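Trainee: What follows is a structure written as structure tokens; I'll ask about it next.
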Amino acid sequence: MKRIGVLTSGGDAPGMNAAIRAVVRAGLSRGISTIGFKRGFNGVLMRSSSNQDDFTVLTSREVSGTVHRGGTFLMTARCLDFLEKENQIKAVENMRSLGVEGLVCIGGNGTFHGAASLKELGFPVIGVPGTIDNDMGYTDYCIGFDTAIDTAIENIDRIRDTCGSHERASLVTVMGRDCGEIAFHTGIASGAEIVMVPEIPWSIEEVAEKVKWAAMNGKNTMIMIFAEGAGSSLTSDVDAICEGNESLSGISGKYLTSSGIARIIEVLSGQEVRATVLGYTQRGGSPSAKDRVIASRLGAYAVDLLAQEISGVAVGLKGEDLIYVPVEEAMNSKIDPAAVSEMASLIGTLAGI
């Protein structure tokens, strides 16, 4: 193998640049050159007016000074057109015209679906897990997860300071899509009293009762972590709650926001509650040391596998060991329910309410 490609697709994650750098330099150490495709699978379709907008040759100097940078210098985007078979075939033709013999795809579940499509066409691919959600169960760790947690904790520590000053509770929304990994880890590390996640049913009434009970027992501030997908596991009849309370008019269960949830908890508990959405701050910023090291290991490992003519797989970590599994298995993997239950139990044990 003389030339490979690399791309980043889907949501960006801190550490992606470190992974790209590792791919390029691991390749060069084996006499393999690397093409960097821009904006994910859009780049391999090569539909821009200029080739410079679609791909670039990545040299050792090109990736110098990137390991500490957040985001991805290759840029990223979703590409719905890549769902169509004819575009997948065109992508393979385009890469072969550039002499690219294998492709490293860095991203999450959607990215791995794209990689699997190329595998079906006989093109060598390796998936590298890069998503702050850490929602791929085949691996213990995805690039960007550690930095996202650190960012959330830093912000929550600040929020707790002002909550303590005003003797109020705070509902903090973190990212994670349909996975509670960020919420759980952030909750434990920040000393949060309550965590709401998509995997475990919860009710607003129960949360409000805990807030009320804690205040009655002298707890003057509380942090509640709300995973962005936790609305899917809500069991409360929000409309019925709001209809029975004039001060909650205007809040709808159909269009429920974290601010609406905070307001309902405030009314039901009798305690002041404020909502904060951390949003995309968790995706940005310089990657942590852990993210840089793991991204570098995974990127270099992907090249090692391609050099050994092993492809159609996704790399990952189990403990400290590098592993690989079929990319189809990786993209359909789920977080172990036992691990979710353990995290939820630990949150309850440490809550102190």
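Trainee: Over the chain, what is the percentage of antiparallel beta bridges among all DSSP beta bridges, to the nearest 5?
Mentor: Around 25 percent of the beta bridges assigned by DSSP in the chain are antiparallel ones.
Trainee: Now for a different question. Given the peptides 240-253, 292-305, arrange them by the average over their residues of other C-beta atoms within 10 Å, most packed first.
Mentor: Answer by packing, highest mean first, reads 292-305, 240-253.
Trainee: Run through the range 86-185 and list the GluC sites (Glu not before Pro) located in a DSSP loop whose Cβ has at most 14 other Cβ atoms within 10 Å.
Mentor: Counting only loop positions with at most 14 other Cβ atoms within 10 Å, the GluC sites (Glu not before Pro) in the range 86-185 are E167.
Trainee: Nearest 10 degrees, 0 to 90: what angle lies between the long axis of helix 16-28 and the longest principal axis of the chain (Cα atoms)?
Mentor: It works out to around 20 degrees.
Trainee: Would you kindly give the portion of the calculated P(r) for the chain that falls above 31 Å, as a percent of all Cα pairs?
Mentor: Tail of P(r) above 31 Å: 40 percent of Cα pairs.
Trainee: Measure nothing fancy, just the Cα-based angle from helix 85-97's long axis to the longest principal axis of the chain, in degrees from 0 to 90, nearest 10.
Mentor: Around 50 degrees separate the two axes.
Trainee: Summing -39500 (n - 2.57) over the DSSP H runs of n ≥ 4 in the chain and dividing by its residue number, what mean residue ellipticity at 222 nm do you reach, to the nearest 500 deg cm²/dmol?
Mentor: When only DSSP H runs of four or more count, the value is -12500 deg cm²/dmol.
Trainee: Among G144, A169, I32, which residue has its Cα positioned farthest towards the positive end of the charge dipole of the chain, with +1 placed on the Cβ of Lys and Arg, -1 on the Cβ of Asp and Glu, and the dipole taken about the Cα centre?
Mentor: I32
Trainee: Can you list the residues, at least 5 places off or on another chain, whose amide H is less than 5 Å from the amide H of V313, using H built in the peptide plane?
Mentor: Amide H neighbours of V313, under 5 Å, 5+ apart: V125, G127, V327.
Trainee: I'd like the distance between the alpha-carbon centres of the range 244-264 and the range 20-38, rounded to an integer number of Å.
Mentor: 52
Trainee: To continue, here is another question. Output the 0 to 90 degree angle, nearest 10, between the alpha-carbon long axis of helix 109-120 and the longest principal axis computed from the alpha carbons of the chain.
Mentor: 30
Trainee: Moving to a separate point now. Which is farthest toward the positive dipole end of the chain among A338, L234, Q88, measuring Cα position about the Cα centre, with Cβ charges +1 (Lys, Arg) and -1 (Asp, Glu)?
Mentor: Checking the options against the dipole of the chain, the answer is Q88.
Trainee: Placing +1 at every Lys and Arg Cβ and -1 at every Asp and Glu Cβ, with all other atoms neutral, what dipole size does the chain have around its Cα centre, in debye to the nearest 20?
Mentor: It comes to approximately 1400 debye.
Rule-based calculations on the coordinates, nothing more; no lab input. Quick caveat, the model's predicted, so the values are computed rather than measured. Here the Cβ is made from the backbone with ideal geometry for all residues, glycine too, and neighbour counts use every protein chain on show.
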